[in-house]
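Nothing in this text is a laboratory measurement; each read-out follows from the coordinates by a stated rule. This is a predicted model, so every value here is computed, not measured. Please note: Cβ atoms are built from the backbone with ideal geometry, for glycine as well, and neighbour counts cover all protein chains shown.
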Amino acid sequence: MQISTFRPLVLAAGFAAATLSAQAFALTIPTNALVADSTQKFSQVAMDAFSVAGVQVIPLGNATAVAGTEDAFKLPITTITISGFKIAGGDAKGSALEISRIAPRGTPSVGKKVGVTLANFTINYVSKQVLADITPLGGVTARQEPLYNFNVATPLGLKYKFPLSVTGLEVLDQLTLTPQTREAFITKLELKAFEIGALDTVDTFGTLTQEIFLKFRPAPVSNKLYTPAP
């Protein structure tokens, strides 16, 4: 058997063994070498609210825009945590989305770039929240703050098929801003009253779709935390 064929089989066996062993304790499995991605697709109403305020979303670090779109961003999944036979959490370390604009007239920072950087995302299935490091542009980072609440539309399940292939698919929807993040958006983007009104019309910020394949990336993505520039 060639090494290129043998390595995926060993990895698949490792996944299976890890899942079986996880009945007693949680296991964190690195996935940064695999084709494993979380894709945030912003809802149309969220994009409309951003447009009203002149806000743009810029991918940073490991994050990339999905080709041909302006509302979807791919965040490589760097680890997953299994507890029992369930997925307890997942991380997209090294990925970031900058939510920013040039402050308009009538704001304290008129003419300057303002906003926040959301980075190092974690899905917590216990609290049903997406967490992220939130950093005001030029400010101090608040680590792993609740970003969104979510609903599980399609539960993630790892599927094993002959010859030991592993795939996973999950969809989270009804992404709603937590009070902490809403306040961060309002203050750090220096939103005016009508822009706050537009933000508050957003009943969902879209969906997060997780896809995992037993296939190696050309090169592993970084699993180091993304740190915004000063």
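Some observations on this one:
- Cross-link reach is defined here as a Cα-Cα straight distance under 15 Å, omitting same-chain residues fewer than 8 places apart; for Lys113 the aspartates and glutamates meeting it are Glu98, Glu190.
- Computed over neighbours whose Cβ is under 10 Å from that of Thr78, the net charge equals +1, Lys and Arg +1, Asp and Glu -1.
- Cα Rg over Rh - the range 101-230, Kirkwood: 1.07
- Label zone at Asn124 (point 7 Å along Cα-to-Cβ), backbone N below 16 Å, the range 178-207: 178-182
- Shape index of the range 174-230: Rg/Rh, with Rg the Cα radius of gyration and Rh the Kirkwood radius from the inverse mean 1/r over Cα pairs, equals 1.15.
- Here Tyr125, Tyr148 are placed in order of increasing Cβ neighbour count within 10 Å, fewest first, which gives Tyr125, Tyr148.
- Under 5 Å from the amide H of Ile77 lie the amide H atoms of Ala36, Asp37, Ser38, each residue being 5 or more positions distant or on a separate chain, with H modelled from the backbone and absent for Pro and chain starts.
- Proximal aspartates and glutamates to Lys215, defined as alpha-carbon separation beneath 14 angstrom and excluding residues fewer than eight positions away on the same chain: Asp37
- Remark on Lys112: its backbone amide H falls under 5 Å from those of Ala103, a criterion applied only to residues 5 or more positions apart or on other chains, H modelled at 1.01 Å from N.
- Taking Lys and Arg as +1 and Asp and Glu as -1, the other residues whose beta-carbon sits under 15 Å from that of Gly61 total -1.
- Proxy reagent accessibility, fewest Cβ within 10 Å first, across Thr135, Thr79: Thr79, Thr135
- Among Thr187, Thr209, Thr117, the order by Cβ neighbours within 10 angstrom, fewest to most, reads Thr187, Thr209, Thr117.
- Bridgeable aspartates and glutamates around Lys128 (alpha carbons under 12 Å apart, same-chain partners fewer than 8 residues away excluded): Asp173.
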